[in-house]
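The values are calculated or read from the model by the stated rules, or taken from the named source; none is laboratory data. Values in this document were obtained by computation on a predicted structure and should not be read as measured data. Here the Cβ positions follow ideal geometry from the backbone for every residue, glycine too, while neighbour counts run over all protein chains shown.
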Amino acid sequence: MRAIAERAKIPRSATVGIENKAAEMKRAGIDVISLAAGQPDFVTPQHIREYAKKALDEGYTFYPPSPGLPELREAISEKVAERNGIEADPKLEIIVTVGGKQGVFSTILTLVGPSDEVIIADPSWVTYEPCIRLAGGKVVPVPVREQDQFRLMPKAISNAVTTKTKLVIINSPNNPTGSVLRREDLKGIAEIARDKDLFILSDEIYEYLVYDNLTHSSIASLPGMRERTITVNGFSKAYSMTGWRLGYLVGPKEIVQHILAIHEHSVTGPTSFAQKAAAQALKDPRSAESIKAMVTEFDRRRNVMIEGLNRIPGISCIKPSGAFYAFANIGALGKSSMDVASHLLEKGHVATIPGAAFGERGEGFLRLSFANSKENIVKALDRMKDTLKEL
């Protein structure tokens, strides 16, 4: 039998693997509480579901235009101009993607080739590195530190830049750490990008999920950055539409039109009736109300989780500024993050993600999602405290 192509020899997603195992245990009748999920636990708001039903009834079941329905691209253009400070031509500078992940992958395939270096945070989302490797690029991990609230600092990026650096990936609010880049951080990164002629891929999927009166800023809105930044976003987190698989990317037409070729030959385009609903979701004021209510609830859960984690011997955790993840320091337990996560799942029936899944500097941490009910979070923390006594 012929060998598998080398590019396919990448690791499976650790986050998906643990979520699948937790689901299998639940199907077997085991009472597992998952703090591993990377999605809101709220059902898509009723008004958005009604828009999708209406679109189906109206017969929107055919192939959509590959870049996305014109009305959705226009709605996205209005949104990014008003909220993100990014002017984008809906015809040439916006693509509706199959989730934010496809936007990330297609952008990397377009910009990165053999010998190109890509700077990412360490730890960072599990999918960036495999995408870079599939494109033939070289991953350059830049450590982020707990004492800096896990923010990707400009100086650390500057120290990692070489003549082969092509792209820097930033993700704020951040998965897995919950960090939020301040505007001064973005200004420093932008200065490096302009000086060294670098592209930026800005993953802003968690943009609405910020706390403590912080605000989200888009690096593409800064001087000289629009022409060198691809901004990836979507509907999964803020609109609780993970299963709808709808994202979008915004960037200069010179890049976006090349991304579109990859998009056309791989996925053609996202589901037509889902796009109809998303276009209305962006315009309907009830969406803003739903987002506000969800963020308020996540904030309550965040406080419960951080207070509870810091009461467990051997665990400490700083309060995240965004997203719905806590990145808990378990170094005092003296065990690997995989050992601790496995022990919690098998013995305590609590699913968490080992920090090592997110990079070398993630070792010694666990990612815990507070996208679960307050009651389940409290119950899970009690189980963790009891289970970890055995370690």
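Find the residue count for the stretch 20-66, including only residues that are within 23 Å of GLU297 (Cβ to Cβ) and small (Gly, Ala, Ser). Here the count works out to 5. A residue that is touching a helix residue (DSSP H, G or I) at 6+ places or on another chain (Cβ under 8 Å), aliphatic (A, V, I, L, M), surrounded by 13 or more Cβ atoms within 10 Å (Cβ to Cβ) and not assigned by TED's automatic domain parsing to the domain that holds THR229 cannot be found anywhere in the stretch 82-98. For the stretch 18-32, the criterion of being of a type in the set (Val, Ile, Thr) and either assigned to a helix (DSSP H, G or I) or not assigned by TED's automatic domain parsing to the domain that holds ALA351 (or both) is satisfied by at least one residue.
Can you tell me which residue is nearest to VAL378 (Cα to Cα) among those in the stretch 245-264 that are in contact with a Pro (Cβ under 8 Å, 6 or more places away or on another chain) and in a helix (DSSP H, G or I)? If we take residues in the stretch 245-264 being in contact with a Pro (Cβ under 8 Å, 6 or more places away or on another chain) and in a helix (DSSP H, G or I), then HIS263 is nearest to VAL378 (Cα to Cα). Residues being under 30 Å from LEU92 (Cβ atoms) and in a helix (DSSP H, G or I) are represented in the stretch 290-297 by at least one member.
Looking at the stretch 30-37, can you tell me whether even one residue there is under 25 Å from LYS292 (Cβ atoms), touching a residue at least 24 places away in the same chain (Cβ under 8 Å), in contact with a Leu (Cβ under 6 Å, 6 or more places away or on another chain) and surrounded by 15 or more Cβ atoms within 10 Å (Cβ to Cβ)?
yes
Where strands (runs of 3 or more DSSP E) fall entirely within the stretch 58-174, those with at least 3 residues that are touching a residue at least 24 places away in the same chain (Cβ under 8 Å), of a type in the set (Val, Ile, Thr) and closer than 30 Å to ASP284 by Cα are at 94-97. Considering the stretch 265-287, the residues that are within 20 Å of the chain's Cα centre (by Cα) and assigned to a helix (DSSP H, G or I) include one that is nearest to LEU214 (Cα to Cα), namely LEU282.
Somewhere in the stretch 212-225, is a residue more than 20 Å from ASP89 (Cα to Cα), at pLDDT 95 or above and either crowded, with 24+ Cβ neighbours inside 10 Å or touching a Phe, Trp or Tyr at 6+ places or on another chain (Cβ under 6 Å) (or both)? No. Filtering the stretch 342-379 to residues that are under 19 Å from ALA28 (Cβ atoms) and either assigned by TED's automatic domain parsing to the domain that holds ALA121 or small (Gly, Ala, Ser) (or both) leaves SER342, GLY348, ALA351.
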